[in-house]
Amino acid sequence: QVQLMESGGGLVQPGGSLRLSCAASGTTFTIYTMGWYRQAPGMQRELVATINSGGSAQYADSVKGRFTISRDHAETTAYLQMNSLKSEDTAVYYCNALVQVAGGMHPLDVWGQGTLVTVSS
């Protein structure tokens, strides 16, 4: 199986920056798309950003120009650089990946456990 482990969350003041990381581990696999989602208290989980294996990225309108998603050269780790953070960015951020495990019949939709980002003065 494949697991995703997020890190980098925490408390930051409005206008500040944080960088989230998501590392994949497990048996032989290929990751197609990786993405970040977030869920604020009382709200539904929403897409923040995705990046495919070719490096093409998409963003939610609310984070365009402030957040940047990237992947490492091995394409097993994704990052979310968050700048100019606002109080409304406060949420649990989840990493997601579409993964093909060697020998598996279909790609798997894998989620991390989430990391809390709190933007507050």
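The values are calculated or read from the model by the stated rules, or taken from the named source; none is laboratory data. In this text the structure is predicted, and so the values were computed from the model without any measurement. Cβ placement follows ideal geometry from the backbone for every residue including glycine, while neighbour counts extend to all protein chains displayed. The area values use the complete protein model at the heavy-atom level, side chains included, leaving out ligands, DNA and RNA. Shrake-Rupley method; radii C 1.70, N 1.55, O 1.52, S 1.80 Å.
With each label modelled as a point 7 angstrom along the Cα→C-beta vector, the ARG45-GLN1 pair spans 1.5 nm. In the assembled protein chains, MET43 presents an accessible area of approximately 120 Å² (probe radius 1.4 Å).
Distance between the 7 Å Cα→Cβ label points at LEU116 and GLU88: 2.3 nm. Given a 1.4 Å probe and the protein chains as shown, VAL92 ends up with an accessible area of around 40 Å².
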